[in-house]
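Chemist: A single structure is presented below for examination.
The values are calculated or read from the model by the stated rules, or taken from the named source; none is laboratory data. Being a predicted model, the structure only gives us computed values, none of them experimental. Each accessible area value is taken on the protein alone, full model and side chains, heavy atoms only, with ligands, DNA and RNA left out. Shrake-Rupley method; radii C 1.70, N 1.55, O 1.52, S 1.80 Å.
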Amino acid sequence: MIASPDLKLMADDTARAYRRAGFEVHTAAFRYGFPLAQVARDGGGVDVDVSVQTEIDRDALFDRVLPHQALVGAADAPHVLGFPYILPPGARLEALLRGSGEVGPVRLTLEGVKLYTQPYTRAVILPDVPELEAA
Amino acid sequence: MILSTPYLHVQAIRRRYRDEGRPTIAKPAGYNITLNLPNGAVGTTVENNVPIDSDSDFIWLSTYYYVQDDPWDPEVRGNGEVTGDVGERNISIQILSSGRTLSNPREIYPAPFDWGAQAFGGNDTGSEMQDGPTVNEGEFGILRCYLPEPIVVKGGDRISATIRIVQAAAPLGHLLLLSGVRLFTRGG
């Protein structure tokens with residue numbers, strides 16, 4: 001028996017369940033790696049538990065260091081994303097800042113729109129494709 | 001009044017994909033092309049290209065063009081400055097699968113891609129942006145130009161950029177950031 005077909009079957013069925021619930025779904029095989037763990041023993045030679053952690057749900061918009069003007073533009077010409085990037089409640093963001101020899105504080109601000117929903121939800125729902133207006 | 005914005009263009013493209021039986025998920029993204037010159041001598045030409053992720057098409061909306069004295073390397077702390085006149089140069093960007101080429105106005109071929117139309121000039125550190133010179137003149141740190149119409153680049157394609165020095169200039173580091181939206185499709 002080949003085990004790998006189950007991966008596709010389960011993925012297809014899961015995606016189908018989300019679509020029945022009204023979600024648009026895109027699936028892609030992916031891996032999350034844990035850091036290397038070193039097996040440990042206590043002073044008496046007894047194995048002890050070693051905890052390693054990984055993170056999921058991390059996404060990157062720009063995964064390489066770029067000139068800051070290319071990412072943020074300027075005060076009178078801010079860079080606006082071509083499509084909204086929606087962050088659920090409690091999302092955390094990390095920015096990597098790398099200096100070019102200048103000394104001084106850097107203030108980075110995200111500008112956007114806050115959505116208040118009733119009922120409360122953490123679901124991320126992308127904008128629908130609008131229909132054309134009748135002539 | 002007809003409102004035309006990059007976002008509306010993206011939605012119109014998504015509508016076309018949907019009508020073709022390929023609903024999409026969209027995500028803002030960008031692709032970088034580094035053009036580091038070995039020297040600023042007249043005639044010096046450098047080409048580089050970037051692959052488009054095969055799992056999504058790319059809607060190319062705008063281009064940032066960044067210049068600095070030192071060669072650009074994100075892993076090396078550069079000076080981030082342009083300390084002299086940049087000098088005239090020609091830049092072309094080509095989509096390899098179709099051969100479609102976009103060029104700055106000084107190039108031979110007429111192009112719908114006008115670097116100067118919506119250029120933002122900068123001072124020599126590039127930290128402030130103000131209406132100012134075109135790509136061929138004066139000092140600036142960065143330009144941003146929106147394409148008159150977005151260009152859809154198919155997943156797996158490659159985008160190539162070439163820079164050629166027309167007038168001797170000192171800056172060696174040139175970076176193009178093609179900014180836009182990735183379209184992930186299912187089916188079709």
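Chemist: List the residues of region B:18-53 that lose 30 Å² or more of accessible area once all protein chains are present, compared with their chain alone (1.4 Å probe, heavy atoms only, no ligands or nucleic acids).
Modeler: So the qualifying set is B:ARG18, B:ILE25, B:ALA26, B:LYS27, B:PRO28, B:ASN32.
Chemist: What length, rounded to one decimal in nm, is gained on full extension from A:GLN53 through to A:ALA17, with 0.36 nm per residue of separation minus their alpha-carbon distance?
Modeler: 10.0 nm
Chemist: Just to be sure I understand: if you take the accessible area of chain A alone plus chain B alone and subtract the pair, with a 1.4 Å probe, what total do you get in Å², rounded to 100?
Modeler: For A against B, buried area totals roughly 3300 Å².
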